[in-house]
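Presented below is the structure to which this report refers.
The values are calculated or read from the model by the stated rules, or taken from the named source; none is laboratory data. Quick caveat, the model's predicted, so the values are computed rather than measured. Note: ideal-geometry Cβ built from the backbone for every residue, glycine included; neighbour counts use all protein chains shown.
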Amino acid sequence: MSKKKILVVEDDRDISELIAYNLQREGYDVACLYDGAQVVDFVRKRKPELIVLDLMLPEIDGIEICRTLKSDASTGHIPIVMLTAKGEEADVVVGLQMGADDYIPKPFSPKVLVARIKAIGRRTLDLKLSSAAAQDIRNFGEFNMDLLKHRISYKGREVKLTSIEFDIVEFLSRTPGRVWSREQILDNVWKDGKFIIDRAVDVHIRGLRKKLREAENYIETVRGVGYRFKEVE
């Protein structure tokens, strides 16, 4: 079985080597880059399974790299774990809005980072398994989901979503009309790879609705409780 490829983008070589060492011990194939200029081309050519991305980088910063990769159909599905010395909530929110799958402030424990990466891997595997076992296509009026191809469309227009956004829609659409609390969504979508802040669900759903545009009403807010997928007769 081939090793899972992880790209580490960190300009501090000591930190980069520490991350690489701990990931290699867990059996990952690790590549390292030290500035932002090479990242997008590298990812498009090499297609790593996950990216560990520092926020503050020479040449091009992590936020811009994240935005570019997540907006590209060929790389948008690749999970990104952002690292930063900034711990303010505003920076966390920006990272989530750009499509980051997790966010870890420095200083951090290498064991925690490895655990987060494993959690993302399990979530991705769980999604593939549940998709294979479930109905391949879900139709809700003019809102359509292809689980195996990881695609959502509305009135024939494909909606480009990040992996987390797709997972949220997939989870909510299993039970149209049922209300799920933010905590339940976190537990079922992120599972044991928990985010740093409780606002993660709200941030992702705001971004999701923006991308859905006229189909945003399929994700309904139940004030004081949580969210549900619209029932379609």
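Brief remarks follow.
- Residues of segment 194-206 satisfying the condition of being modelled with pLDDT of 90 or more and surrounded by fewer than 18 Cβ atoms within 10 Å (Cβ to Cβ): Arg206
- Matching option when the condition is touching an Asp or Glu at 6+ places or on another chain (Cβ under 7 Å) and of a type outside the set (Val, Ile, Thr), among Gly27, Gly62: Gly62
- When residues of segment 27-74 are limited to those that are within 24 Å of Pro107 (Cα to Cα) and in contact with a Ser or Thr (Cβ under 6 Å, 6 or more places away or on another chain), the one modelled with the highest pLDDT: Cys32
- Residues in segment 12-71 that are in contact with a Gly (Cβ under 9 Å, 6 or more places away or on another chain) and on the phi > 0 side of the Ramachandran plot: Glu59 only.
- Residue match in segment 76-86 (condition: surrounded by fewer than 21 Cβ atoms within 10 Å (Cβ to Cβ), in a helix (DSSP H, G or I) and outside the structural domain of Lys210 (by TED's automatic domain parsing)): no
Yes or no, residue by residue, for (1) in contact with a strand residue (DSSP E or B) (Cβ under 7 Å, 6 or more places away or on another chain); (2) farther than 13 Å from Ile117 by Cα:
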| site | (1), (2) |
| --- | --- |
| Val8 | yes, no |
| Glu26 | no, no |
| Arg44 | no, yes |
| Leu53 | yes, no |
| Ile60 | no, yes |
| Thr75 | no, yes |
| Ile78 | yes, no |
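- Residues of segment 10-32 satisfying the condition of being assigned to a helix (DSSP H, G or I), touching a residue at least 60 places away in the same chain (Cβ under 8 Å), buried (at least 19 other Cβ atoms within 10 Å of the Cβ) and of a type outside the set (Val, Ile, Thr): Leu23
- Test: residue in segment 128-146 that is farther than 13 Å from Ser173 by Cβ, at pLDDT below 85 and surrounded by 12 or more Cβ atoms within 10 Å (Cβ to Cβ): yes
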